[in-house]
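None of the figures in this text is laboratory data; all of them are computed from the coordinates on show. Everything quoted here is computed from the prediction, not taken from an experiment. Note that each Cβ is placed from the backbone with ideal geometry, even for glycine, and that neighbours are counted across all protein chains shown.
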Amino acid sequence: MAKMKLVNVIKKLSKYGHKNLAKLIFKKIINDITDFNEEEILNLIYDTYVKTSDDNLAFLHQDIREHGILITYKKYQAFI
């Protein structure tokens, strides 16, 4: 299976009611796309899961851990 696109991660987090987490992850990646750290993103999702016990976050965490996150630089040039 292919990597999950960043846009889809943000959409899923928003759909699950974690808009602040979605914004935080988006800003972390956009502010310094060259220093992108997938493990840090996974830790943010896991920490939120521990606080909320939202099973959707556990499934998202597992999916990202297995497949990774795909970020295409061209898409985000307009935001930088």
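Observations, loosely collected:
- Per-residue HN-Hα couplings for the stretch 38-48 [Karplus 6.51, -1.76, 1.60; θ = phi - 60°; Hz; x = Gly/Pro]: 4, 5, 5, 5, 4, 5, 4, 5, 5, 4, 5
- For Lys3, a cut-off of 13 angstrom between C-alpha atoms picks up these aspartates and glutamates, skipping any fewer than 8 places away in its own chain: Glu38, Asp63, Glu66.
- The mean sequence distance of close C-alpha pairs (under 8 Å, at least 6 residues apart), as a share of the length of the stretch 4-75, puts its relative contact order at 40 percent.
- With both labels modelled 7 Å from their Cα along Cα-to-Cβ, the Lys3 to Asn56 distance reads 2.5 nm.
- Added length on full extension, which subtracts the Cα-Cα distance from 0.36 nm per residue, Lys11 to Arg65: 17.7 nm
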